[in-house]
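The values are calculated or read from the model by the stated rules, or taken from the named source; none is laboratory data. Worth saying up front: this structure is predicted, and the values here are computed from it rather than measured. A quick note on method: Cβ atoms are made from the backbone with ideal geometry, for glycine too, and the neighbour counts reach across all protein chains shown. With ligands, DNA and RNA removed, areas are computed over all heavy atoms of the protein, side chains included. Shrake-Rupley method; radii C 1.70, N 1.55, O 1.52, S 1.80 Å.
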Amino acid sequence: MNRSSLEGVTFHPAVKSECRTIARLYSMSSDGVADYLWTTLAGEGEALLDVGKRRYSREDTPFSYKNCVIAEPEGRIAGMIAAFPMPGPEENTRYAESDPVLAPYSKLERYNSYYIAGMAVFPEYRGKGIGATFLEIAAGTALRLGLPQLSLIVFEQNEGATRLYERHGFYEVAREAVVPHELIHYTGHALLMVKDIG
């Protein structure tokens, strides 16, 4: 992995001690979807951020700190990307999502792609090229793994994120209607976008 293609910013594989910050950033990147999921998994009195930290502390799942890269200018975490290979249908043992709020997102999967589950940069570090570098790192990883595409899900109403991805070569291949919920920031449609890299 390219550890520092931006002046003054180091990119490194995440470590377990960073899971709380990863959870904060993942919550930001999901625009409320992670918060909704975490409410369904929380123990009595457990804070949502603690649920996220617990989930990213695991090592036997795609949603693990082991699948995250951290951007760190001057020793402070500025952002992260969480990404992993999306298996083909013959390898994908996931069950059909029964929660109606989450079901649209489980339909937006691109088999045999390198799936960007979440990418976020804290506001004070935006506009410095960190997001673009994360996308370059993901593309390099996909090529190394022999995967022909990057994939991600973005809300159509999140115009800033959609424009960023389009500028970097992503295009829409599918969409699903969002099931409204008070924790989810957007309505309308969720888009599956891909970028050809192979």
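Observations
- The chain - percent of accessible surface contributed by carbon and sulfur, probe 1.4 Å: 49 percent
- Charge context of L135, other residues only, Cβ under 13 angstrom, K/R +1, D/E -1: 0
- Residues whose amide H comes within less than 5 Å of that of G188, counting only those at least five positions distant or on another chain, are V178 (H built at 1.01 Å from N in the peptide plane).
- Pairs of Cα atoms nearer than 8 Å and 6+ residues apart set the relative contact order; for the chain it is 21 percent.
- Gyration tensor (alpha-carbon) shape descriptor, the range 29-151, a/c threshold 1.5: oblate
- Shape class for the range 119-198, computed from the alpha carbon gyration tensor (a ≥ b ≥ c): oblate, with a/c not under 1.5 and a/b at or below b/c.
- Computed per residue of the chain from DSSP H runs no shorter than four, each worth -39500 (n - 2.57), the mean residue ellipticity at 222 nm is -9000 deg cm²/dmol.
- Using a probe of 1.4 angstrom and keeping all protein chains present, the accessible surface of the range 11-65 works out to 47 square angstrom per residue.
- Residues in the range 11-39 that a label on H168 would reach, taking backbone N under 17 Å of a point 7 Å out along Cα→Cβ: 11-14, 25-31
- Rounded if a/c under 1.5, otherwise prolate or oblate - the range 15-100, Cα gyration tensor axes: oblate
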